[in-house]
Structures are given as C-alpha cells and as structure tokens.
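Working notes for the structure below.
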Amino acid sequence: MTVRYGRINLYLGTFPDGAGSVWATTTDLLGQGLVDLVNVFDPDVVVLGGGVTRAGELLLGPVRNVVRADVLGPAARRVVITTAELGEAVGVVGAAAARERARPSPSGCELRKGGVPCRTG
C-alpha cells in the first residue's frame, strides 16, 4: 500500500534508503511536540490533520507511544490522539472559517467572541 503526500510516497511496511530513520525521527519530534502541548493544556483529545495523516497508524502508533511514555501524570493514559475527519482538507476549511469570522458584517456589527451577534439598535 502506498500513501501519497505531495512528492513523498510512503511505502507502508517498507522504507528504502534510510527513509525509516527519517520517519522515526519525524514521528518522535511530532510526539515530543504533542507531549509539550498535553503537559501544558491537558486536553482530552488531540486531533491531527493534513495529508500526512493518511499514513494512519504508521503515523499515529509511534506518536501515541511517545506521548504515553513522556506525558506527565494521568493525562498520558487519558488523552486520545486521532486524525481529523476532514483529512487533508482541514487546513483549507479552517482558513475559510477564519476568513469568514474576520469578515466585517454588512450591518457594521461585528460578531462577539464565540460567534454571538451583537445587537443592532
């Protein structure tokens, strides 16, 4: 099975020419970044998005292992690490949502925090 991400092909189960060590370093660094976030913010769920998440468990397995090994306290057992349902479209959808939120309303009344409209009159 091949996962295509831009010009990168990940051959699941086979890593030619040292790609395995590159992938291991990549998943370790991603895992360490998540360890920091989980230790600081203590989320219940971490959602990863983007095209590389098509690698599925090849990505998630090693990342989860790093998080479980290095997160402090009970958060290591509790936090769920999963992929976004939107997959690689998550960035585009998020950017469109941010742009829509930043757009001034036709009435000149901006949305308050949380998307609650302000009163007009």
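Scanning residues 5 or more positions from residue 48 or on other chains, those with amide H under 5 Å from its amide H are 82, 83, 84, with H placed 1.01 Å from N in the peptide plane.
Within the assembled protein chains, the solvent-accessible surface assigned to residue 25 is about 80 Å², based on a 1.4 Å probe. Using a probe of 1.4 Å, the accessible surface attributed to residue 101 totals some 140 Å² when neighbouring protein chains are kept in position. Length gained on full extension, residue 75 to residue 60, computed as 0.36 nm times the residue gap minus the Cα-Cα distance: 3.7 nm.
The values are calculated or read from the model by the stated rules, or taken from the named source; none is laboratory data. It should be emphasised that the depicted structure is a prediction, and the values quoted were computed from it without experimental measurement. In case anyone asks, the SASA skips ligands and DNA or RNA and just uses the protein heavy atoms, side chains included. Shrake-Rupley method; radii C 1.70, N 1.55, O 1.52, S 1.80 Å.
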